[in-house]
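Worksheet for the structure shown next.
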Amino acid sequence: MNILIVYSHPSEKSYTFEIFTHLKNILAAQKWNVEVSDLYANNFQGIMTATEYQREGNADTALPIPRDVIEEQQKIENADCIIFLYPVWWSDCPAMMKGWFDRVYSVGYAYGQKPDLPKMKIVKYGIVICTAGHPNNFLEEIGIAQSMEKVMLEDRLGKRFQHKEMLILGGTLAIDNVREKHREQVNELVKKINIDPLL
Ligand SMILES: Cc1cc2nc3c(=O)[nH]c(=O)nc-3n(C[C@H](O)[C@H](O)[C@H](O)COP(=O)(O)O)c2cc1C
C-alpha cells in the first residue's frame, strides 16, 4: 500500500513531531511505501498568489497549474491512503496546511471537473490526525471537535476519499497524562487500515 503523509508543523521539538516519528515507524514496520509532504521542511508555498487566483477564482482552467502543485497532485494519484497530520491552531489546521488545500485542490482537478482535464482519483483511505491542547471532552462540549470533523471530513476530504477517519489527540497541555494513550490510538488506527478488506 502507498501512504502519503501530509505533515505541517514548524518544529522538530514538538509533540506533533513526536507523533509524526511514531507514525512513520509503525507504517514502516508494515512494509508499506511511505511518501511524506513535510510542508514546512519543504518550504511549501502556503499562500495563493494573484496569478494563481486568476485561474482558481475565475475557474479559468486554460491557465497553467504551478509546478509544485502538480507535484503534490502526482503524490495524491500515487496514494492509496493519505494521512493529514498537524497541531490544532485556532480550531483548525495551520495556515500552511490550509494553503495546501487552497492550492493543491485546483479547479478542474479536485472540483469543477471537466471531461478534458485530469481529475483527482478517489483515494481509498483518508485519515486526519491532529494534536490539540484542550482535552477531547472539552472540545466536544464547546462543539469545536464536531466542527473540525465536519470541515475536514465532510468538506476537505469529502467524496474524494472512500473511508475517512479523524483522530483528535487532545489534552496535550498535560502531556504526561495522554502520551501513552495517544500512541495506542495511533497504533489502533493503523491496524484498522491494515485489516480493512477493501484495501
Ligand atoms: C498558534 C496556536 C494556536 C492554538 N490553538 C489551539 C486551539 O484552538 N485549540 C486547542 O485545543 N489547542 C490549541 N493550541 C495548542 C496546540 O494544539 C498544541 O500545542 C499542540 O497540539 C501540541 O503541541 P506541539 O506544538 O508541541 O506539537 C494552539 C497552539 C498554538 C501554537
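Give 114/159; 124/191; 159/191 a once-over and call out the pairs whose C-alpha atoms are over 19 Å from each other.
On the way: 114/159 17 Å; 124/191 15 Å; 159/191 23 Å.
Violating the 19 Å limit, Cα to Cα: 159/191.
So what is the relative contact order of the chain, in percent, for Cα pairs below 8 Å that sit 6 or more residues apart? Before the final figure, lay out the partial values.
Values: 284 pairs, mean separation 44.8, N = 199.
Reported as a whole number, the value is 22 percent.
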Burial order of peptide ranges 130-138, 11-19, 176-184 (average beta-carbon count within 10 Å, highest first): 130-138, 11-19, 176-184
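Considering only DSSP beta bridges whose two residues both sit in the chain, what percent are antiparallel, to the nearest 5?
Details: 1 of 28 bridges.
Close to 5 percent.
Find the relative contact order for segment 4-81 and round it to a whole percent, using C-alpha pairs within less than 8 Å whose residues are 6+ positions apart. Before the final figure, lay out the partial values.
Numbers: 45 pairs, mean separation 27.6, N = 78.
Relative contact order comes out at 35 percent.
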Take each uninterrupted DSSP H stretch in the chain, measure its Cα extent along the helix axis, and return the ones at 24 Å or beyond whose mean Kyte-Doolittle hydropathy is at least 0.5. none
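Taking N as the number of residues in the chain, what is its alpha-carbon radius of gyration divided by 2.2 N^0.38 Å? Mind showing how you got there, number by number?
Values: Rg = 17.0 Å, N = 199, 2.2 N^0.38 = 16.4 Å.
Taking N as the residue count of the chain, the ratio is 1.03.
Of the listed peptides 64-70, 169-175, 96-102, what is their order by residue-averaged count of other C-beta atoms within 10 Å, with the highest listed first? Kindly include the intermediate steps, with their values, before the conclusion.
Details: 64-70: 14.4, 169-175: 17.1, 96-102: 19.7.
Listed from highest to lowest mean packing, they are 96-102, 169-175, 64-70.
Would you mind getting me the FRET efficiency between residue 28 and residue 136? Use the beta-carbon distance for r and R0 = 30 Å, nearest 0.05.
0.60
For a quick check: sort 153, 139 by the number of other beta carbons within 10 angstrom, fewest at the front. Display every interim value, and only then the final one.
On the way: 153 17, 139 21.
The fewest-first ordering by Cβ neighbours comes to 153, 139.
We did not get these values from a lab; they are worked out from the coordinates using the rules stated. In this text the structure is predicted, and so the values were computed from the model without any measurement. No Cβ is skipped: glycine too gets one built from the backbone with ideal geometry, and neighbour counts run over all protein chains shown.
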